[in-house]
Amino acid sequence: MVAKDLRIEKLRRKDLRHVLPIEAAVFPEPWSVGVFHSELALRHGRLYRAAWHGHDMAGYIGFMIVPHDAHITTIATAPAFQRTGVARTLLIDGIHTLLPMGVKNLSLEVAASNEPAQTLYRRFGFAPVGVRKGYYPVTGEDALVMWAYDIDTPEYSQRLEGLSPSSL
């Protein structure tokens, strides 16, 4: 399994040459290099991490952080690494990195038709709380708004332990 062989590091500007092809391959409306530069320039209130398998970027994740809450701004897995546990590993690492910052709740938007992602998020305790109509301009698709609450509890810690690659 690839997830056990991943190295997770802070995403840096020099990594964008690996990010942009993944972004273009997996999203109908990919972020531009300018958007990534402005996000990475924000020293406070953002967290971006990358998963590496050897010299290949397997995926990345980004969070916007406000007191007690974090919002997943982006998460993507390179096509060659999809369904290998990369997104799960990025989420686990991200949550472990956010907890010492005082984050207690997580939110995200996901395409209403993206059942595989929704299934993954539900495993992490995310539940739908609403719909953003026409959220994705290129496709016109709705987004499901999902939240996971109380990620700083012992119960949630047990959930994460059950999701870690070593326990599967």
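The values are calculated or read from the model by the stated rules, or taken from the named source; none is laboratory data. All figures in this text were calculated on a predicted structure; none of them were measured in a lab. FYI the Cβ positions are ideal-geometry reconstructions off the backbone, even for glycines, and counts take in every protein chain you see. Heavy atoms of the whole protein, side chains included, go into the accessibility calculation; ligands, DNA and RNA do not. Shrake-Rupley method; radii C 1.70, N 1.55, O 1.52, S 1.80 Å.
May I ask for the net charge around ARG46, where only other residues with Cβ less than 12 Å from the Cβ of ARG46 are counted and Lys, Arg are +1 while Asp, Glu are -1? Mind showing how you got there, number by number?
Working: positive: LYS10, ARG43, ARG49; negative: GLU39.
Summing Lys and Arg as +1 and Asp and Glu as -1 gives +2.
Here's the list of lysines a cross-link from LYS104 could span, going by alpha-carbon distance under 23 Å and ignoring same-chain residues fewer than 8 apart: LYS10.
Need one word for the range 77-168: rounded, prolate or oblate. Basis is the Cα gyration tensor (sqrt eigenvalues a ≥ b ≥ c); a/c below 1.5 gives rounded, then a/b vs b/c decides.
Working: a/c = 2.20, a/b = 1.38, b/c = 1.60.
Oblate.
Across the options PRO100, VAL145, GLN158, the greatest Cα extent toward the positive end of the charge dipole of the chain (unit charges at beta carbon of Lys, Arg, Asp, Glu) belongs to PRO100.
Quick check: from the Cα gyration tensor, does the chain come out rounded (a/c under 1.5), prolate or oblate? Could you put the intermediate results ahead of the total?
On the way: a/c = 1.26, a/b = 1.07, b/c = 1.18.
In terms of gyration-tensor shape, rounded.
Label-to-label distance, GLU115 versus MET64, with points set 7 angstrom from Cα along the beta-carbon direction: 3.0 nm.
Accessible area per residue for the chain, computed on protein heavy atoms with a 1.4 Å probe, is 52 Å².
Okay, helix-only estimate at 222 nm for the chain: each DSSP H run of n ≥ 4 adds -39500 (n - 2.57), divide by all residues, round to 500 deg cm²/dmol; what do you get?
Values: 5 runs with 52 residues, N = 168.
Using -39500 (n - 2.57) per qualifying helix, the result is -9000 deg cm²/dmol.
Taken one residue at a time, the phi angles of the range 136-146 give Karplus couplings (6.51, -1.76, 1.60, θ = phi - 60°) of 9, x, 5, 9, x, 6, 6, 10, 8, 8, 10 Hz. Gly and Pro are set to x.
Springs between Cα atoms under 10 Å define the GNM used for the chain, and in it the highest mean-square fluctuation of ALA24, ALA51, ALA111 occurs at ALA24.
Quick one: grab the alpha carbon gyration tensor of the range 1-52, order the square roots of its eigenvalues as a ≥ b ≥ c, and give me rounded if a/c is under 1.5, else prolate or oblate depending on whether a/b is larger than b/c.
Numbers: a/c = 2.23, a/b = 1.22, b/c = 1.83.
Oblate shape, in that a/c is at least 1.5 and b/c is the bigger or equal ratio.
Evaluate the charge dipole of the range 1-90 about its Cα centre and quote only its size in Debye, nearest 20, assuming +1 on the Cβ of each Lys and Arg and -1 on the Cβ of each Asp and Glu. Display every interim value, and only then the final one.
Working: 12 positive and 8 negative charges, 60 e Å.
My answer is approximately 280 debye.
Ordering THR153, THR139, THR89 by accessible surface, largest first, gives THR139, THR153, THR89; the 1.4 Å probe counts only protein heavy atoms, with every chain in place. Accessible surface of the range 1-144, 1.4 Å probe: 55 percent of it comes from carbon and sulfur atoms. Between ARG7 and ASP150, the simple label model (points 7 Å from Cα in the Cβ direction) yields a spacing of 3.9 nm.
Where the only charges are on Cβ atoms (+1 Lys, Arg; -1 Asp, Glu), what is the dipole of the range 26-152 about its Cα centre, to the nearest 20 debye? Each step should come with its number before you reach the end.
Values: 10 positive and 11 negative charges, 29 e Å.
Here the size comes out at about 140 debye.
Positive contributions from Lys and Arg (+1) and negative ones from Asp and Glu (-1), summed over other residues with Cβ under 14 Å from the Cβ of TYR149, come out at -1. The alpha-carbon of LYS14 sits under 29 angstrom from the alpha-carbons of these lysines, leaving out residues fewer than 8 places away in its chain: LYS4. The loop-placed trypsin sites (Lys or Arg not before Pro) in the range 78-134, going by DSSP, that have at most 11 neighbouring Cβ atoms within 10 Å of their Cβ come out as ARG83. Under a 5 Å amide H cut-off, with hydrogens placed 1.01 Å from N, TYR135 pairs with ASP142, ALA143 among residues at least 5 apart or on other chains.
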